[in-house]
Amino acid sequence: MNDSQLTSLLKEMTLHEKVGQLVQLATPFFKGASDQGQITGPMQEMGLSHEDIENTGSVLGASGAKETIAIQRKHLEDNRLGIPLLFMSDIVHGFRTIFPVPLAIGCSWDLDLAEKSAALAAKEAAVSGVHVTFAPMVDLSREPRWGRVMESTGEDTYLNSEFARSFVRGFQGDLQQDAYKVASCVKHFAAYGAPEGGRDYNTVDMSEWMLRESYLPAYKAALDEGCEMVMTAFNILNGVPSTGNKWLMRELLRDEWNFDGALISDWGAVKELIPHGVAQDEKEAALQTLRAGVDIEMMMSCYFKHASQLVEEGLLEESTIDEAVLRILRLKNKLGLFENPYREADEADEKNFILTPEHRQAARELAGKSVVLLKNEQALPLSNKKKVALIGPFAHNTDILGPWSWGGSAEDTITLDAGMKQYLNADYLLVSEGSGIETGTEQQLQEAMQIASKGEVIVAALGEHSDMSGEAGSRADIRIPEIQLELLKQLKSLGKPVIAVLFNGRPLDVREIIEHADAVLEAWYPGTEGGNAVADILFGDVNPSGKLSMSFPYSVGQVPVYYNQFNTGRPKDAPDAQIRFVSQYLDIPNEALFPFGYGLSYSTYHYSEMSLSTEQITPTEKLTVHVDIKNTGSMAGEEIVQLYIRDLVGEVVRPLKELKDFTKVTLQPGETTTVEFTIDESQLRYYHTDLDYKSDSGEFEVFVGPNSRDVQSRKFKLGNV
Ligand code: BGC
């Protein structure tokens, strides 16, 4: 259809039919549905009529060609104008083939593989009838207590923005040309990753300056890449719920950023304006969110019950509804649904394209690159000539897919013991649980100790079960449960090398683990191929290369903890600092235990002294930074070389370091390569007090290193701005 045909269609619609397009309901409401989908919010009686359902515009959570085709077919029989449904789902890090959780993908710093993972997920989803994915989630977070940190790629604005682009390219690409793509919906707008105290759904209060500097760029990056939709956030932002926030959605998103795609609320978030205390009732909530620009209400009936009435009473212009409907019709049209309402949904293709060896291989590769080696006192890699005792609640556990993996299944998941069996003869692998994740018995412990005593080396597979992170998965104590720490200590007391492998969804306080293990691998939730990927690393087939995309705090008392802090007026390391009156904790260090960008390898890399092509540039010139990296170890490996910049004097304070670029180099043992970074004026801009985004003349420091802490630096000047 062309735009004028869509407008004609709009003219034929009754007000009630229009309002229907603005509503999204979960699968169980539809005729033909067999599955419940993933339920993340209230499902109370919504008082909807058959007519309401027949006019509904989109479905949440349906998947599987059989089901989506059945629902669409029935809907088209019932809907007066034959307007097809849009099927939307959370395809966050894979559909049936589950890739590592996004926080782990962040640690790969591998934008191409991230894009590929999204493209493969999109293909699996598309053949099962999904049209839109609620991804990427790009909420920047400095909050390891917040369970949803596992859904984003971490704490850094630049890295998150780059990943946001990759994910949108992968999921959505060219939607109109490629039927194996799904439209992307970036979420959660905005700043959902900064809840007070790390408690989910909690208050966010931050200056517009900080919002623009750090939190907004990743959403913008997704939109610049063409992302079709935006989802609102549950949190309030500076006193106004994001879902009813006119400034955020009308002024910033629509007017300033020119976003003209569809804006959807999060689950039930329109009605949540009532408990937030800014709307008296559902009618007022609907009025506020429609005025603020929320086109689709997800899973509640405030729009259905009140939107028509608001227009009839003259409280809302019908043109507001029309604009919203047109955006939704346009998306349906872009997806080609008026011509082919089933798009690529196809049961035969599901068999051919889902969970193929190619998809599994990509998941294994990405998981291998996401694992971060935190410590290694010559305990890794393992030899297949030694007996390994694999102990712990994650030794033989399929709960390694992580939250948002409702399409994945336990049967398809490679557990750690299964992965290790590929490397060891059966009598060289001894397995015992040792404890559950949160509780355990003396008998479990004793059995495990007996088994462990027969091994020459111990692998302790520990962590959090997947409900301990994800939505509504906030924790105040970010250690692994006591019972597992006790197990680890007991294992260590046997005097054998102990390797801890961690499966979890957030940066943890790992002090006790570091103390009681000779090597520590952060495996995150590595996905369907997790056991294989971790075994590849344990036995040295894959050399670890992941680097943390989020700082690991020394203790929860430091949170929020992040590398790109400001200096304060009394920095701890100032040469003239008084012992007491400086910005410090009396009982713990200021620094994270493992900083942003940190990760070890089985190789070592030597960085030569860096050099600059010039020490002064103008806004039209560039400078290049050179550094030689040599693999001084005995294994081939990949090193992620990072470039940070500090503006030494700004109109407003500037972070001590900001990531501005990075590159991955692959080096054979003994091989050297020259890495070159280019710096120009555009990388030196920041938001001034008047919120102008620009650079100033002055002095800068540029840092290069293997992480945000262990860097070398040089200074340069920007002149003539
Ligand atoms: C989550 C969203 C998700 C939605 C639909 C909500 O509870 O916050 O991220 O897209 O549910 O499943």
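A Cβ distance below 7 Å, combined with a sequence gap of six or more or placement on separate chains, defines the contacts here; from the range 171-199, residues that are within 16 Å of M150 (Cα to Cα) reach residues that are more than 16 Å from the ligand (Cβ to nearest atom) and open to solvent by less than 10 Å² (accessible area, probe 1.4 Å) in the pairs A191/L211. For L718, state whether it is closer than 20 Å to T618 by Cα and buried (at least 17 other Cβ atoms within 10 Å of the Cβ). In short, yes. Starting from the range 405-426, take each residue that is farther than 30 Å from S89 by Cα and list its partners that are open to solvent by 40 Å² or more (accessible area, probe 1.4 Å), counting only C-beta distances under 7 angstrom and pairs at least six apart or across chains. From residues that are farther than 30 Å from S89 by Cα, the pairs are D417/H396; D417/V431; Y423/N384; L424/N384.
Considering the range 177-188, the residues that are closer than 22 Å to M231 by Cβ and in contact with a helix residue (DSSP H, G or I) (Cβ under 8 Å, 6 or more places away or on another chain) include one that is farthest from the ligand (Cβ to nearest atom), namely K181. Condition check for G546 on (1) out of contact with any Lys or Arg (no Cβ under 8 Å at 6 or more places or on another chain); (2) within 22 Å of N707 (Cβ to Cβ): one failure, at (1). Looking at this structure, is S474 within 16 Å of the ligand (Cβ to nearest atom), modelled with pLDDT of 95 or more and not in a strand (DSSP E or B)? It is true that S474 is within 16 Å of the ligand (Cβ to nearest atom), modelled with pLDDT of 95 or more and not in a strand (DSSP E or B). Please verify whether E411 is of a type in the set (D, E), in a helix (DSSP H, G or I) and surrounded by fewer than 22 Cβ atoms within 10 Å (Cβ to Cβ), treating the condition exactly as stated. Taking the combined requirement at face value, the residue satisfies it.
Among residues that are open to solvent by 40 Å² or more (accessible area, probe 1.4 Å) and part of a loop (DSSP other than H, G, I, E, B), L548 is not included.
Only residues that are open to solvent by less than 70 Å² (accessible area, probe 1.4 Å) and in contact (Cβ under 8 Å) with a residue 40 or more places away in the chain were counted in the range 672-712, giving 24. Among the residues of this structure, D536 does not count as one that is open to solvent by 30 Å² or more (accessible area, probe 1.4 Å), touching a helix residue (DSSP H, G or I) at 6+ places or on another chain (Cβ under 9 Å) and closer than 18 Å to N376 by Cα.
Among the residues of the range 628-649, those identified as open to solvent by less than 30 Å² (accessible area, probe 1.4 Å) and either aromatic (F, W, Y) or within 30 Å of Y693 (Cα to Cα) (or both) are I640, V641, Q642, L643, Y644, I645, D647. Residues of the range 378-416 that are under 29 Å from E482 (Cα atoms) and among the acidic types (D, E): D399 alone. Residues in the range 509-533 that are surrounded by fewer than 23 Cβ atoms within 10 Å (Cβ to Cβ) and either within 13 Å of P100 (Cα to Cα) or under 21 Å from the mean Cα position of the chain (by Cα) (or both): D509 only.
The helices (runs of 4 or more DSSP H) found wholly in the range 54-153 and carrying at least 2 residues that are open to solvent by 10 Å² or more (accessible area, probe 1.4 Å) and under 18 Å from Y219 (Cα atoms) occupy 111-127.
The values are calculated or read from the model by the stated rules, or taken from the named source; none is laboratory data. Just so we're clear, the structure is a prediction, and the values are computed from it rather than from any experiment. Neighbour counts run over all protein chains shown; Cβ positions are idealised from the backbone, glycine included. Side chains are part of the model used for accessible areas, which takes the heavy atoms of the whole protein and leaves out ligands, DNA and RNA. Shrake-Rupley method; radii C 1.70, N 1.55, O 1.52, S 1.80 Å.
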